[in-house]
1. Between Gln160 and Ala367, how high is the FRET efficiency from 1/(1 + (r/R0)^6) when r is the Cβ-Cβ distance and R₀ = 35 Å? Nearest 0.05.
2. What is the packing order of peptides 328-334, 382-388, taking the mean over residues of other C-beta atoms within 10 Å and listing the highest first?
3. By a straight-distance test (C-alpha under 12 Å), which aspartates and glutamates pair with Lys451 as possible cross-link partners, with residues fewer than eight away in the same chain excluded?
4. What pairs from Lys237/Lys402; Lys402/Lys441; Lys237/Lys340 go past 32 Å between their alpha carbons?
5. Rank these for me by crowding, Lys86, Lys158, going from fewest to most other beta carbons within 10 Å.
6. What does the helix-only formula give at 222 nm for the chain: each DSSP H stretch with n ≥ 4 adding -39500 (n - 2.57), the total divided by the residues, and the result rounded to the nearest 500 deg cm²/dmol?
7. Output the peptides 23-34, 227-238 sorted from most to least packed, where packing is the average of other Cβ atoms within 10 Å over each peptide's residues.
8. Run down the aspartates and glutamates and flag those whose C-alpha is under 17 Å from the C-alpha of Lys438, throwing out any fewer than 8 positions away in its chain.
Amino acid sequence: DTIEGVLVRSDVERAGDFVCSMPVLNRIYEASVRTVENNLQGIPVDSPNGSQMASMGGAMAVAPATIFNFDVLPLWAKFMDDLSAKAESARTRSGQLGGSLPLPRYVNSARWLGGAEAWPDWGTAVALVPWYMYIYYGDTNALVEHYDLMRGWMESLKNQASGYILEKGHGEWGLADELPAGAPPALVSTAHYYGALRLMEQVARLVWKMEDAFVFAEQSRRVQAAFHRRFYDPGSKSYGSATANALVLRFGLAPPEIEAAVARRLAEQVTDVQGRYPPTGILATRPLLTLLDKFGYEAVVFKAMTLSGYPALDWILSQGQTTWPETITRTAGGGLNCDKPLDYAPRAAIAAWFHESVGGIRPVADAPGFRRFELSPHHWQVLSHASAVYRSPYGLIKSAWKVESGRLRWRVDVPVNATATVYIPAARASRVKESGMKLEKSPGVRILGLKDGRVVCEIVSGSYLFETELK
């Protein structure tokens, strides 16, 4: 008379973990990982009881979260193989010729789903997913094998654009009910178009398509100029909603001289709805959190992540949820509305924030696969300890810090044959020690300078214990 539920998913190993001193953040991380894990089904799908497929937008949103927590390179390789096969099949059926190539809106192992073509914004997963495979794993296979697919989609977007603006798109998805609207489809699509063009310029150089690289670079400059003319409001120093500003900062669309002002406006927009949750969905929330940390608005991010009222993440968990729902709406009685999938992987995209921001572990594009990486943790002002680990292609990376009596003790592990650039919270190098030694005396440490209130060092493989006094 006993029924036992058993998780069945793709046989992939855990690659990362996170824990900190605040239980609510641990619960949010665990729910995110559980949501990701449930949806590793041959390819990373959106939900088990909804589309049962991978949407293009969902794939590009959740990919970093899957990578930081599971060894999913084969799954993302299969995703790209399936996507390529379906795109080629569709072109064959339609008789379409030339460089332009349509993409399916969803990917699974069986069908195209009603012949629907991908939206311009969500379809840029065709460039973002292989890029993630490259910078996180150092894997160039997808870039080489699917270059024509990626180039064909960019040609399709060029043909759809009018004045370098893409008017149509799916837009942001999964915003909580009762919060401000996201952003117009034209903004979301054109922002992703620009981001994809910038990536494709780098991809083209990697695969020795130098003429293509020049074309992508020129197109990206024209798109950026058109985007700024169309959407930027100099009075408010903003491109519109929180979704808009988060995507602008994520893809580097704002001119450098106004980036800080756009970040300030984004922080204000999140603060305006405090007591609830950031007014963004699956595409913009993760970059919003990480970018606001980067620009110094950690207090805004921390408050948003630890709220307990509707529609905050902790409120969802208080409703008995152990995974993230696709939509966040309330019933007439005030509880969570359960009319949509309750195990929606793209919402778990926020899981990447725990590794890349609190732990501070981030890859760099010019040394892919974590051959070289950055370590720049956040939120030691409010957490007493946090630990993030990630098993990279070179070995285990660890960033574990603890605050006691006004001092930060930060344990860092760098795997063999890898190097890291570390950003230590300190006003000057003389205030930092490594394993009890002055920083300049520590083997394997090279001081590079100061940046944004941190001492910047390059370290080689090994284990380090940095100690510094906090103000």
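1. Efficiency at R0 = 35 Å is approximately 0.50.
2. Going by the mean number of other Cβ atoms within 10 Å, highest first, we get 382-388, 328-334.
3. By straight Cα distance, Lys451 reaches no aspartates and glutamates at all.
4. The pairs that break the limit, which is 32 Å between Cα atoms, are Lys237/Lys402; Lys237/Lys340.
5. Lys158, Lys86
6. That calculation yields -12000 deg cm²/dmol at 222 nm.
7. Highest mean packing first, the order is 23-34, 227-238.
8. Cα-Cα hits under 17 Å: Glu458, Glu467, Glu469.
Since every read-out is calculated from the coordinates, none of them should be taken as a lab result. Predicted model only: the values in this text are computed from it and were never measured. For neighbour counting, all protein chains shown are included, and Cβ atoms are generated from backbone atoms with ideal geometry for every residue, glycine included.
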